[in-house]
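Worksheet for the structure shown next.
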Amino acid sequence: MPIDLRSDTVTHPTPTMRRAMYEAEVGDDVYGEDPTVNRLEAMAAERVGKEAALFLTSGTQGNVVAMLTHCGRGDEIILGDQAHTFLSEAGAPAVLGGITPRPLRNQRDGTLDLADIEAAIRPDNVHFPKTRLITLENTHNQCGGRVLSPAYTAAVGGLARRHGLRTHLDGARLFNAAVALGVPVTALTAPLDSVQFCLSKGLSAPVGSILAGPSDFIHEARRTRKILGGGARQAGVIAAAGIVALNEMVHRLAEDHANARRLAEGLAELPAVILDPSTVETNIVILQLTDDLDVYEVAERLRGDGVLVSAFYGARIRAVTHYGITTADIDAALRVFRAVLAPVRA
Ligand code: TLP
């Protein structure tokens, strides 16, 4: 079995999840009659401190539904230039909603500079799109799993309210952030209007995300999900795994963070690697290779020796720890990294 560090999306459902899926009580969720989906949505809303929640197929669907529900044609979204919502969702707000993205430079810690946000807010002028929404990402994937603090989140929420703007959090790995910070998850969601989080990444459910927010917003979001073909029928079969994910898989994320830090500390010792292990706060390690190496070739050689990673533009490699990765796997992966990158040391 390869050591698969490409993403925490590769996690398989746990035995308890499979049992819960088998036994799940179901109904037609488009009629609002699936008791397991209803239970998951109520539980998820409570967990993130919002009035209501909606179960969706993926993180992308959750973010896209949120953006299309918050914004109308001609509106503009302020987001990070390294945000998943900007880089990796196929331009959905523009493609589907006539919504303009306004990317601001992400700081290395995943934040957007408050002064940059303030300066990007459009005055009322017929030439301009209407600034409607600010989207944050916590943890921040492309910034190496960095966490946004409750204080920063509150500052952005306050700024948005002063300007009459709405806010959305792409919290694909929200629980990783809360566990790393040692704060209740509501400290990261209360200041913002809506939040999307994934059940199928570190929490190991096979499918599914949650979008949570005020009841009237979720009511509209349910319609937007239908427009996108996301109304599922006996979805309780997969929601059952989501319930187990929330009940059983949150506390263990600390293990993934410790494994990521262990990996980062080992990698930082290699001359071919540029990485500050103190920036590894959660389960994502992004390292930079020195110029003389081709990142895609290195990833291929790692694969040949049984270690799967993601190669990114900018000579970067991403390794993500998760439920399927043990500390022994980390030590084995480090041995492979050392062997593959050894010629550089000679
Ligand atoms: N990220 C995936 C890939 O798309 C890169 C990964 O392997 O990390 N927000 C954030 C911050 C994400 O990292 C992702 C997935 C999503 C949203 C989308 O979730 P899915 O894959 O469920 O649509």
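Read-outs: derived from the displayed coordinates by stated rules, not from any lab. Please read all numbers here as calculations on a predicted model, not as lab measurements. Cβ placement follows ideal geometry from the backbone for every residue including glycine, while neighbour counts extend to all protein chains displayed.
Kirkwood hydrodynamic radius of the stretch 281-333 from all distinct Cα pairs, in Å?
Details: mean 1/r = 0.0847 Å⁻¹.
When all Cα pairs of the stretch 281-333 are included, the Kirkwood radius is 11.8 Å.
Taking every DSSP beta bridge with both residues inside the stretch 1-147, roughly what % is antiparallel (nearest 5)?
20
Give me the extension gain from ASP294 to ARG223: residue separation times 0.36 nm, minus the current Cα-Cα distance, reported in nm with one decimal.
Working: separation 71, 0.36 × 71 = 25.56 nm, distance 4.64 nm.
The span from ASP294 to ARG223 would gain 20.9 nm if fully extended.
So, in nm, how far is label GLU118 from label ARG161 when the simple model puts each one 7 Å beyond its Cα toward the Cβ?
Distance between the two pseudo-spin positions: 1.8 nm.
Can you give me the distance in nm between label points at HIS12 and SER88, each placed 7 Å from the Cα along the Cα-to-Cβ direction?
Label-label distance for HIS12 and SER88, simple model: 2.3 nm.
Once the other residues with Cβ under 11 Å from the Cβ of LEU287 are scored (Lys, Arg +1; Asp, Glu -1), what is the net sum?
+1
For the chain, what is the calculated [θ] at 222 nm in deg cm²/dmol (nearest 500), taking -39500 (n - 2.57) for each run of four or more DSSP H residues and dividing by its residue count?
On the way: 14 runs with 148 residues, N = 346.
That comes out to -13000 deg cm²/dmol.
Report the one residue of VAL307, ILE99, VAL250 whose Cα lies farthest in the direction of the positive end of the charge dipole of the chain (charges on C-beta: Lys and Arg +1, Asp and Glu -1; origin at the Cα centre).
ILE99
With θ taken as phi - 60° and the coefficients 6.51, -1.76 and 1.60, list the Karplus ³J(HN,Hα) couplings across the stretch 290-300 in order, rounded to whole Hz; mark glycine and proline as x.
Values per residue, Gly and Pro as x: 5, 4, 6, 10, 8, 5, 6, 5, 4, 4, 5 Hz.
Could you give the angle, 0 to 90 degrees to the nearest 10, between helix 236-248's Cα long axis and the longest principal axis of the Cα atoms of the chain?
The helix 236-248 is inclined about 60 degrees to the chain.
Starting from 0.36 nm per residue, how many nanometres of slack lie between ASP276 and ARG252 once their C-alpha separation is accounted for?
6.2 nm
How long are the three semi-axes of the equivalent ellipsoid for the stretch 252-345, computed from the Cα gyration tensor as the root of 5 times each eigenvalue, in whole Å, largest first?
With the √(5λ) rule applied to the stretch 252-345, the semi-axes are 20, 14, 12 Å.
Calculate how steeply helix 35-48 sits against the longest principal axis of the alpha-carbon atoms of the chain, using the helix alpha-carbon long axis, and give the answer as 0 to 90 degrees to the nearest 10.
Value to nearest ten degrees: 80.
Gain in length, ARG303 to MET43, computed as 0.36 nm per residue apart minus the alpha-carbon separation, to one decimal in nm?
Using 0.36 nm per residue and subtracting the Cα-Cα distance, I get 89.6 nm.
Averaging over all projection directions, find the projected area of the Cα convex hull of the stretch 1-111 and quote it in nm² with one decimal place. Before the final figure, lay out the partial values.
Values: hull surface 41.4 nm².
Averaged projected area of the stretch 1-111's Cα convex hull equals 10.4 nm².
Residues with amide H under 5 Å of GLY306's amide H, sequence separation 5 or more or different chain, H placed in the peptide plane at 1.01 Å from N; which?
HN-HN under 5 Å from GLY306: empty list.
Can you give me the long-range amide H partners of GLU51? Hydrogens built in the peptide plane at 1.01 Å from N, cutoff under 5 Å, separation of 5 or more residues or another chain.
When sequence neighbours closer than 5 places are left aside, the close amide H contacts are GLY213, SER215.
Residue-wise, which Karplus ³J(HN,Hα) couplings in Hz belong to the stretch 197-207, taking 6.51 cos²θ - 1.76 cosθ + 1.60, θ = phi - 60°, and x for glycine or proline?
After applying 6.51 cos²θ - 1.76 cosθ + 1.60, I find 9, 9, 8, 9, 9, x, 7, 6, 5, x, 8 Hz.
Taking the Cα centre of each part, how many Å lie between the stretch 285-304 and the stretch 154-168?
40
Please list, by residue number, everything in the stretch 310-340 whose backbone N is under 20 Å from a paramagnetic label point 7 Å out along Cα→Cβ of MET1.
The answer is 310, 319-337.
Of all DSSP beta bridges in the chain, what percent run antiparallel (nearest 5)? Kindly include the intermediate steps, with their values, before the conclusion.
Values: 21 of 41 bridges.
If we restrict to bridges inside the chain, about 50 percent are antiparallel.
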